Amino acid sequence: MGIFSNLKKPRRIEKSCLLFCPEGDSIKVMDQIENMLGKEPGPKTNNYTLHNGDRKVFLVACGLADEDANGTYAKEQIKGVQGFVYAIQTKHVDIKRNLFYHLRQCKAVLR
């Protein structure tokens with residue numbers, strides 16, 4: 001029995017967030033990310049995995065132009081956040097209006 005026998009294996013951290021995009025085509029969103037990262041264009045897909053040592057970041061784009069479950073997911077997420085912002089009670093009406101306007105321009109989510 002060594003001194004490290006009681007150490008637990010580190011837990012995998014799983015978190016997610018959404019980024020809202022004005023581009024409605026999920027393939028074009030991924031193309032833009034590859035371009036931004038300076039990567040060679042890969043297969044035309046709506047997902048991308050970034051590797052950094054033992055860490056992986058999995059990205060998936062869902063656009064309103066997608067005709068499958070991804071399109072439905074994008075629509076639900078965008079409408080849900082629009083409803084959330086609309087319901088906020090605040091004295092900063094201009095900020096709320098600008099945020100709501102920005103969300104109305106979004107046609108895809110990157111998760």
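Some points to look at:
- Taking the chain and dividing mean pair separation by its residue count, relative contact order in percent (alpha carbons under 8 Å, at least six apart): 35 percent
- The range 4-111: Lys pairs at Cα distance under 13 angstrom, eight or more positions apart or on different chains: 5
- Label point of ILE27 set 7 angstrom out along Cα-Cβ; within the range 50-88, amide nitrogens under 20 Å from it belong to 59-75.
- Helix 69-87 vs. the chain, principal-axis angle (Cα, 0 to 90°, nearest 10): 70 degrees
- Cα gyration tensor shape of the range 59-111, rounded if a/c is under 1.5, else prolate or oblate by comparing a/b with b/c: prolate
- Its Cα gyration tensor gives the chain an equivalent ellipsoid; the semi-axes, largest first and in whole Å, are 33, 23, 13.
- About its Cα centre, the chain has a charge dipole of approximately 620 debye under the convention of +1 per Lys or Arg Cβ and -1 per Asp or Glu Cβ, with nothing else charged.
All of the numbers you see were taken from the coordinates with simple rules; none came from a lab. Computed from a prediction, not measured in an experiment: that's the story for all the values here. Here Cβ is always computed from backbone atoms with ideal geometry, including for glycine, and neighbour counts include all displayed protein chains.
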